[in-house]
Amino acid sequence: MDPLLIVSPHPDDAVLSCGQLMAGRPDCVVVTVFAGKPERFRQLTTFDRDCGFRSAAHAVLARRREDTEALDLLDARPVHLSFPDSQYGEDTAPLAEEIAERLVAEVDESGASIVLGPVGIAHPDHLTAAVAFLWLLRCRPHLEAWLYEDLPARVLWPEQAVARLQRWQDAGWTPELDFLGTGLLEVKEDAIAVYASQQRALRMACGG
């Protein structure tokens with residue numbers, strides 16, 4: 001069976017949105033786009049401080065470790081790209097073409113015939129990752145492509161999910177609704193729990 005390649009904007013996004021799928025398919029490669037250190041790696045954003053980090057560099061390294069551990073529980077292989085998160089003050093939108101080139105390289109190296117990417121809801125990095133994913137599909141039209149609706153944004157802003165799916169249709173795609181979760185939900189929950197630094201943010205996002 002060829003591996004399935006999943007595009008994740010940040011560490012934890014793939015597991016939050018696709019963890020149950022990965023739990024039932026131990027051949028996934030997860031390419032996390034915005035997992036790099038910013039140029040001003042000593043800066044401390046409000047979000048990173050609230051997550052218990054001391055600096056951007058500390059946050060990036062810790063989140064990569066969490067992501068690797070979580071994906072290990074799901075028998076998935078992590079690939080962390082070096083693009084910095086937009087929270088560090090950089091506009092990520094112009095990076096879409098460069099990101100797409102890296103995704104093409106990862107698809108070719110992994111031998112994946114199926115790719116799964118975000119619809120792109122709310123967060124600018126998710127939107128950029130979705131644009132890069134679309135470019136990937138145009139560069140490799142033979143691929144079987146699936147989309148996932150970004151969680152928890154899909155729950156918080158359902159109207160944006162509808163609008164984003166319409167954008168995909170306008171781009172010439174015809175998404176069909178399906179349930180891809182083939183594994184145990186408990187395994188996904190165990191993997192999510194590994195992202196200890198993100199638990200406070202996730203509770204706030206979900207109203208807890």
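The values are calculated or read from the model by the stated rules, or taken from the named source; none is laboratory data. Values in this document were obtained by computation on a predicted structure and should not be read as measured data. Reconstructed Cβ throughout: ideal geometry from the backbone, glycine too, with neighbour counts over all protein chains shown. Surface areas here come from the heavy atoms of the whole protein model, side chains and all, with no ligands, DNA or RNA. Shrake-Rupley method; radii C 1.70, N 1.55, O 1.52, S 1.80 Å.
Observations on the structure shown:
- Test for ASP48: is it free of Cβ contacts under 8 Å to residues at least 12 places away in the same chain and either in a helix (DSSP H, G or I) or of a type in the set (Asp, Glu) (or both): no
- Selection within the range 152-203 - of a type in the set (Phe, Trp, Tyr), without any contact (Cβ under 8 Å) to a residue 60 or more places away in the chain and closer than 20 Å to HIS10 by Cα: TRP157
- Breaking point among (1) open to solvent by less than 90 Å² (accessible area, probe 1.4 Å); (2) within 17 Å of VAL115 (Cβ to Cβ); (3) of a type outside the set (S, T, N, Q); (4) modelled with pLDDT of 90 or more, for GLY172: (4)
- The residue that is surrounded by the most Cβ atoms within 10 Å (Cβ to Cβ), counting only those in the range 106-129 that are β-branched (Val, Ile, Thr) and part of a helix (DSSP H, G or I), is THR128.
- The range 72-85 - residue that is open to solvent by less than 70 Å² (accessible area, probe 1.4 Å) and either acidic (Asp, Glu) or under 15 Å from ASP13 (Cα atoms) (or both) and, of those, farthest from the chain's Cα centre (by Cα): LEU74
- The condition (being assigned to a loop (DSSP other than H, G, I, E, B) and either open to solvent by 30 Å² or more (accessible area, probe 1.4 Å) or farther than 24 Å from GLN198 by Cβ (or both)) is satisfied by just one residue among ARG64, ARG40: ARG40.
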